[in-house]
Amino acid sequence: MCYVYILKCSDNTLYTGWTVNLEKRLSTHSKGKGAKYTRCRLPVELVYFEKYLDKVSAQKREYEIKQLTRLKKLNLIERGY
């Protein structure tokens, strides 16, 4: 199983990523050892995620989400899908 996720950072920005182990990845981000972007924006909060059966599908969806405007990302988070 693969996951695409959105984190809300302490400065109210949003970070989108993908992983095969969501719990472990969140722990890594929270310890300041995740993406360079989130390291200086701790703490982070998981606000959205989607499940995918394969890496390619997850990476494609991550790219799609990253192309969205902030408002559209917030709408996605609010709707939950």
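Within the shell defined by Cβ-Cβ distances under 14 Å, the residues around residue 70 carry a net charge of +2, with Lys and Arg each +1 and Asp and Glu each -1.
The mean sequence separation of alpha-carbon pairs under 8 Å and at least six residues apart, normalised by the residue count of the chain, gives a relative contact order of 37 percent. Only lysine pairs 8 or more places apart or on separate chains count here, and in region 2-79 those with Cα atoms under 18 Å apart total 18. Taking Cβ atoms as reference points and 14 Å as the exclusive limit, the residues near residue 12 contribute a net charge of +2, counting Lys and Arg as +1 and Asp and Glu as -1.
Per DSSP H run of at least 4 residues, take -39500 (n - 2.57); add these up for the chain, divide by its residues and hand me the 222 nm value, nearest 500 deg cm²/dmol.
Numbers: 4 runs with 36 residues, N = 81.
Mean residue ellipticity at 222 nm (helix-derived): -12500 deg cm²/dmol.
Would you indicate which of (1) 1.13; (2) 1.48; (3) 1.02 is the value of Cα Rg over 2.2 N^0.38 Å derived from the coordinates of this structure? Answer label, from the structure shown: (3).
Kindly state, to the nearest 0.05, the FRET efficiency for residue 57 paired with residue 77, given R0 = 25 Å and r defined as their beta-carbon distance. Write down the numbers at each step before the final one.
On the way: r = 20 Å, r/R0 = 0.80.
Approximately 0.80, to the nearest 0.05.
Computed about its Cα centre, the charge dipole of the chain is approximately 240 debye, with only Lys, Arg, Asp and Glu carrying charge at their Cβ.
Annotation for the chain: trypsin sites (Lys or Arg not before Pro) lying in DSSP loop with at most 15 further Cβ atoms inside 10 Å of their Cβ are 31, 33.
Computed from the coordinates by the stated procedures, all read-outs in this text should not be read as laboratory data. Remember, predicted model here, so these are calculated numbers, not experimental data. Every residue, glycine as well, gets a Cβ built from its backbone with ideal geometry; the counts of neighbours run over all protein chains shown.
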